[in-house]
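Notes to accompany the following structure.
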Amino acid sequence: MSRALAGHYDHVNHYTSGAAASRLVTAGPFAVFLAATYFLELDVLREGINFGNIFVLLGSWYAIVMALMRKYSFGKYFMPMHATDAIFIAYLAFLTWTVTWSPLPRDVIIQVIFVGSAWLAAASLADTPAIKVASFIAKSAVLLGILSFAMIFVRPDAAFQAYSATDRPELKGVFFHQQRLGLFMAMAIGLVGISYLNGEMKRVLSGWLSYSRTIAVAVIVVALIAAFARSYTVFLVVSLAIAFAVNQRGWKKGVILSGAFMAFVCMFLFYDQIAATLGETDADLTLTGRTMIWERSLEVAALRPWTGQGFASFGASKFDYLWGAYRPPHAHNTFIQAYFDSGIVGLVLLVMFILAQLRVGVLVSQVMRRYSYSLFLGSLTLFAGLTGVFYGGKLTALFCTTMLVTAIEAEQVRRLRRSRRQARRDLPNARSSAAGLAAPQSASAPSMPGGRA
């Protein structure tokens, strides 16, 4: 192997192994940032002020300040810029502009600060190994799963969803809603699944989970089943199928992607029938109930089709007349919510951002020949956003995790491409040097009788 190529592989191994001293500085901040996002989902400190957003703000700026401190410790401030970042900055700038016509201008500023801080933290943590993020989330899922099951015995009145859409109890545990518990467990299962495909599951289920990885996975799976989060389970399977298929070659990729697409289309078209079969009876959780919310949201959004009503304005009292006894907190659809808040302009920017994120996952499969964590997370966030709001709305743990892992893998791809280009440039020089060293040796070789060297 040439010295140039050896240097290339040393660079990649140095980045992915987690051995660099500067990376040790980010080990704490990424965990603090992720743990802070959990308070957006947990049923704690939810009275009055939303402490979840405050914790995310503090966790974000802790990560940012640590990145700034690294400038003085290691000589540079690490915050790479990628296409996803440029698009998101444009999107965030437009959301900020909506303050000039929003019925809730104070909410616009506050939410922009929260979302912008989370994005800046994710960009600052882009040199954190993705496997460490997956491991932290897997450990968190096991711990939160155990605590949720413990709630059955400690506080049985608060352990299950108060208004179940089925005849069976739906576990919510320490989360404020059973769907949030199910989505978090689905996210953890998917990350463990990707680590298995990459041959690094033992590193993800490491530390205290290594004593019994089977039990750890069982806790997460049983918690997902107990939450009875049917749609998120389907989205989990489809997202894993996409992440798996993109890394395949030839006809296998087409077959898997086509099957995943058809499964999703059938699930979406026959949601009510499937829900009825599974026991969903309340209109507020069926597709029929959601379509009523979608229709009324679209009616108001059409009053300002290009610029929307203003970011974070869905909950304004001026729109209360649209709803009856149930006042939805959001439009129950990412794209309708974005259209309502920021119009066609904001919706286009958001779609560009989502596609840019998914492109990072595809590049990981093409360039690094690995199954992409960010492609799974981006797909799960996208599909979950068809019946909820995870892009283009207020912060969620899933959205923050997707931003972080996408930033990490985008930087991995950039570094690998740069090192490969450097290796290609150095290879001719290495060959020339080798030829130059060989020529004098040939010239100075002694002559043998008969004219043979």
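The values are calculated or read from the model by the stated rules, or taken from the named source; none is laboratory data. Worth saying up front: this structure is predicted, and the values here are computed from it rather than measured. Methodologically, a virtual Cβ is constructed for each residue, glycine included, from the backbone with ideal geometry; neighbour enumeration extends over all protein chains shown.
List of remarks:
- Elements of the type helices (runs of 4 or more DSSP H) sitting completely within segment 1-102 and holding at least 1 residues that are of a type in the set (Ser, Thr, Tyr), modelled with pLDDT of 80 or more and surrounded by 13 or more Cβ atoms within 10 Å (Cβ to Cβ): these cover 27-38, 51-74, 83-97.
- Where Ala126 falls short, out of the listed (1) surrounded by fewer than 20 Cβ atoms within 10 Å (Cβ to Cβ); (2) in contact (Cβ under 8 Å) with a residue 24 or more places away in the chain; (3) not in a helix (DSSP H, G or I): (1)
- Phe244 vs. criteria buried (at least 19 other Cβ atoms within 10 Å of the Cβ) and modelled with pLDDT of 90 or more: yes
- Only one of the numbered conditions (1) buried (at least 23 other Cβ atoms within 10 Å of the Cβ); (2) over 23 Å from Leu125 (Cβ atoms); (3) in contact with a helix residue (DSSP H, G or I) (Cβ under 6 Å, 6 or more places away or on another chain) is violated by Pro328, and that is (1).
- Matching residues in segment 395-420 - criterion: being touching a His at 6+ places or on another chain (Cβ under 8 Å) and either modelled with pLDDT of 90 or more or basic (Lys, Arg) (or both): Ala407, Ala410, Glu411, Arg414, Arg415, Arg420
- Top-ranked residue in segment 99-126 [being under 17 Å from Gly343 (Cβ atoms) and polar (S, T, N, Q); ranked as nearest to the chain's Cα centre (by Cα)]: Gln111
- Members of segment 299-334 found to be part of a helix (DSSP H, G or I), more than 24 Å from Trp97 (Cβ to Cβ) and in contact (Cβ under 8 Å) with a residue 24 or more places away in the chain, listed by number: Leu322
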